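S.K.: Sharing a structure, written as structure tokens. Questions coming.
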Amino acid sequence: MIKVLNPGLATSVQDMGRHGYYHLGIPQSGGMDQLALQAANLLVGNASDAAVLEATFMGPELEFTADAVVAVTGAAMTPKVDGAEQANWESFTVKAGQVLSFDYLKGGARAYIAISGGIDVPVVLGSRSTYT
């Protein structure tokens with residue numbers, strides 16, 4: 001559904017985290033701003049705990065291979081579709097062949113990019129979150 005043209009500085013897949021494994025040395029993980037993560041998901045019609053992309057300080061550049069509804073919440077990092085600015089904290093459509101990119105960071109640290117249908121990566125210990 002998406003082709004990563006540029007990953008950004010530190011973009012990862014996050015959800016609400018994995019719980020119950022700290023005694024094994026595995027921390028909760030998950031999105032740093034869980035309210036923004038949930039809001040992004042709800043704006044595109046996903047379950048509030050679906051996986052999203054968390055972009056830290058610099059957004060990725062993503063080419064869509066299918067039409068999708070997208071929302072960007074959290075940090076003030078203006079999303080652009082083929083160069084046209086889109087609003088944060090609102091959903092917008094990205095058509096197949098279009099590229100989602102981001103303006104420079106104006107405030108905050110982490111932006112949450114929700115895509116209708118979620119991010120399909122394997123569930124590990126009950127979560128899709130990346131723990132580096």
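The values are calculated or read from the model by the stated rules, or taken from the named source; none is laboratory data. From a predicted model like this one, the values you see are computed outputs, not experimental measurements. Accessible surface areas use protein heavy atoms only, side chains included; no ligands, DNA or RNA. Shrake-Rupley method; radii C 1.70, N 1.55, O 1.52, S 1.80 Å.
S.K.: So what does residue 61 come to for accessible area, using a 1.4 Å probe and Å² rounded to 10?
M.R.: Number for this one is 70 Å².
S.K.: Any idea what the relative contact order of the chain is, in percent, if you count C-alpha pairs under 8 Å spaced at least 6 apart? Kindly include the intermediate steps, with their values, before the conclusion.
M.R.: Numbers: 354 pairs, mean separation 43.0, N = 132.
After rounding, I find 33 percent.
S.K.: Diagonalise the Cα gyration tensor of the chain and give the resulting equivalent ellipsoid semi-axes, square root of 5 times each eigenvalue, largest first, whole Å.
M.R.: Values: eigenvalues 117, 46, 35 Å².
Over the Cα atoms of the chain, the semi-axes work out to 24, 15, 13 Å.
S.K.: Then there is this: What accessible area per residue comes out for the chain, rounded to a whole number of Å², with a 1.4 Å probe?
M.R.: 50 Å²
S.K.: If you don't mind, there's one more thing I want to ask. How big is the accessible area of residue 33 in square angstrom, nearest 10, if you roll a 1.4 angstrom probe over the protein chains?
M.R.: Accessible area of residue 33: about 60 Å².
S.K.: Next up: Would you rank 77, 1, 32 by solvent-accessible area, highest first, keeping every protein chain in place and using a 1.4 Å probe? Mind showing how you got there, number by number?
M.R.: Working: 77 0, 1 95, 32 135 Å².
Correct descending sequence by accessible area is 32, 1, 77.
S.K.: Roughly how tilted is helix 34-43, in degrees to the nearest 10 and between 0 and 90, from the longest Cα axis of the chain?
M.R.: 50 degrees
S.K.: Please report the spacing between the Cα centers of region 86-131 and region 15-84 in Å, no decimals.
M.R.: 5 Å
S.K.: Select from 118, 25, 45 the residue whose mean-square fluctuation is largest in a Gaussian network model of the chain (Cα-Cα springs shorter than 10 Å).
M.R.: 25
S.K.: In whole percent, and with a 1.4 Å probe on the protein chains, what portion of the accessible area of the chain is carbon and sulfur? Could you put the intermediate results ahead of the total?
M.R.: Working: 3590 of 6620 Å².
Roughly 54 percent of what the probe reaches on the chain is carbon or sulfur.
S.K.: Based only on Cα atoms, what Rg/Rh ratio does region 74-132 have, Rh being taken as Kirkwood's radius?
M.R.: Here Rg/Rh amounts to 1.02.
S.K.: If you line up the Cα atoms of region 1-78 on their principal axes, what length do they span on each, largest first, in Å?
M.R.: For region 1-78, the Cα spread along each principal axis is 41, 27, 25 Å.
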